[in-house]
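Throughout, read-outs are computed from the coordinates displayed, never taken from laboratory work. Nothing here was measured: the structure is a model prediction, and the numbers come from that model. Using ideal geometry, Cβ is built from the backbone for each residue, glycine included, and neighbour counts are taken over all protein chains shown.
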Amino acid sequence: MLEWWNNISAFEKTFWYFAVPFTVILSIQFILTFLGFDGVETDIDDLDDLDAIDDADFMAGFRLFTLRNFIIFFTGFGWAGICAIHAGLNEIITIIVAFLVGLFLMFAVAFIFFLMTKLTEKGNVTLSNALNAFGQVYLPIPPNRSGVGKVQIIIQGSLREVEAMTDGELLPTCTPIKVTEVVNAGLLIVSKNQ
């Protein structure tokens, strides 16, 4: 091994100096991520919580200059340089190829993480989405808005229990209903579904 190392050029050694340590760091980072220690990456990168990214500043989710991306750049740069040397390319072309491969990998990973932020979903339920939804009475609803009961309806793909009133007659448990009005963030007006 030592003989091999002494026989390669200083130019090739430079790429090995990038390839080996950054590959080790990338491997450790990869293993820690799959073991659930992704918070280490977040602290180092000073990334925002993905749930905090709202649609108005969504481009903030595309982060090119992070520690992870620099590690990926230098890993790709090192290995691409070594491959280019073994392919017989001259030094200038080798540096250009290594730089472009590192840059490509850096952009690719940044774009993948950008797309992953689109997969995050806020758990907020917008009650206005319940308008004209169908469900059933869970707790009896008194007649003529004289009291509050509860209904079960599907809002944004999940079953919710929401307080409700009615303008009509008493609605007993299990009565099929339709939401006719959203009064506020926690109250619906419903009617019997015919």
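Model label sites at Leu26 and Thr14, defined 7 Å from Cα along the beta-carbon direction, differ in position by 2.0 nm. Amide H contacts under 5 Å for Gln136: Gln152, Ile177, restricted to partners 5 or more places along the chain or on a different chain, H placed in the peptide plane at 1.01 Å from N.
Given in Å, the Rg to one decimal and the Dmax to the nearest whole number for the Cα atoms of the range 59-194 are 29.1, 87. Here the Karplus curve 6.51 cos²θ - 1.76 cosθ + 1.60, taken at θ = phi - 60°, turns the phi angles of the range 8-22 into couplings of 8, 6, 4, 4, 5, 4, 4, 5, 5, 4, 7, 5, 5, x, 6 Hz, with x standing for Gly and Pro.
Under 5 Å between amide hydrogens, built in the peptide plane, is the criterion, and for Leu171 it picks out Ile141 among residues at least 5 positions away or on other chains.
When N is the residue count of the range 127-192, what does its C-alpha Rg come to as a fraction of 2.2 N^0.38 Å? So the Cα radius of gyration is 0.93 times the expected 2.2 N^0.38 Å. Using a Förster radius of 41 Å, what is the FRET efficiency between Leu187 and Leu119 based on their Cβ-Cβ separation? Nearest 0.05, please. Efficiency at R0 = 41 Å is approximately 0.80.
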